[in-house]
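Participant: Structure in structure tokens, see below.
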Amino acid sequence: FVAESAGRADIEVRLSTPYTNTIFVDYLTRDGSASSGHDYIAAASTLIFAPGQTSKAFPVTLLSDEEGEPIENVVLILTNPVVATPGVLTRAVLNIVDSSSPPLLYAPVWLSDGSFQFTLAGPTGRTNTIDMSSNLVDWMELGGLTNTSLTADFRDRTATNAIRRFYRARRLE
């Protein structure tokens, strides 16, 4: 996640092991829900890892605008590795958070103690409330959460043995 106002995101690419040879890998960006030329500047080039080097980064330039937008994303792709075998992760997503983006819940996980955890994404400094429902009609507030970074984890300890739960996040104005 990166704030739209940051102007730039540096995307780190890591090799799983140091190599004795020079390694080349191409990178490029593709539109997800964000649009090249409107939300970011398309990027494509080659990363060159010197022998023994395991980390490099490439920039993605972000374009700030006055439009209130939901969280948008750019697809990041690694291709054509030379002198290396591609790893499991050759695609990733960069999420761009606008200062007025509504909160987004993602990465839900049932934990071994029966509780439920997810991550809330949204602009920093905003206070959000997390609500729960078992029928999508009647909602109960579980608690408040203020983002001190672009993401914050929330854990519902009341979810133990719940048959059905729905969650939503609302920004408190």
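Participant: Anyone know which of Val83, Val60, Val137 comes out most mobile in the 10 Å Cα GNM of the chain?
Facilitator: Checking each option, the largest mean-square fluctuation is seen for Val137.
Participant: Under the definition of Cα pairs under 8 Å and six or more residues apart, what whole-number percent is the relative contact order of segment 30-106?
Facilitator: About 32 percent, as a whole number.
Participant: Can I ask one more? Note the per residue figure in Å³ for the convex hull of the C-alpha positions in segment 16-79.
Facilitator: Given the Cα convex hull of segment 16-79, per-residue volume reads 85 Å³.
Participant: What accessible surface, in Å², does a 1.4 Å probe find on Leu172, ignoring ligands, DNA and RNA and rounding to the nearest 10?
Facilitator: Result for Leu172: roughly 90 Å² accessible.
Participant: Can you send over the carbon and sulfur percentage of the accessible area for the chain, probe radius 1.4 Å, protein chains only?
Facilitator: Summing carbon and sulfur atoms, their accessible area is 52 percent of the total for the chain.
Participant: How large is log10 of I(q)/I(0) for the chain at q = 0.10, 0.14 Å⁻¹ when the intensity is taken from the Debye formula with one equal scatterer per alpha-carbon?
Facilitator: At q = 0.10, 0.14 Å⁻¹ the computed log10 ratios are -0.52, -0.86.
Participant: Below 8 Å between Cα atoms, with a sequence gap of 6+, how large is the relative contact order for the chain in percent?
Facilitator: 20 percent
Participant: Averaged per residue, what accessible area in Å² does the chain show with a 1.4 Å probe, protein chains only?
Facilitator: 57 Å²
Participant: Which whole-number percent gives the relative contact order of segment 72-173, counting Cα pairs below 8 Å spaced six or more residues apart?
Facilitator: Contact order relative to length: 26 percent.
The values are calculated or read from the model by the stated rules, or taken from the named source; none is laboratory data. Keep in mind that what you see is a predicted model, and the values were worked out from it rather than measured. The protein model used for the area step is the full one, side chains on, heavy atoms only, and it has no ligands, DNA or RNA in it. Shrake-Rupley method; radii C 1.70, N 1.55, O 1.52, S 1.80 Å.
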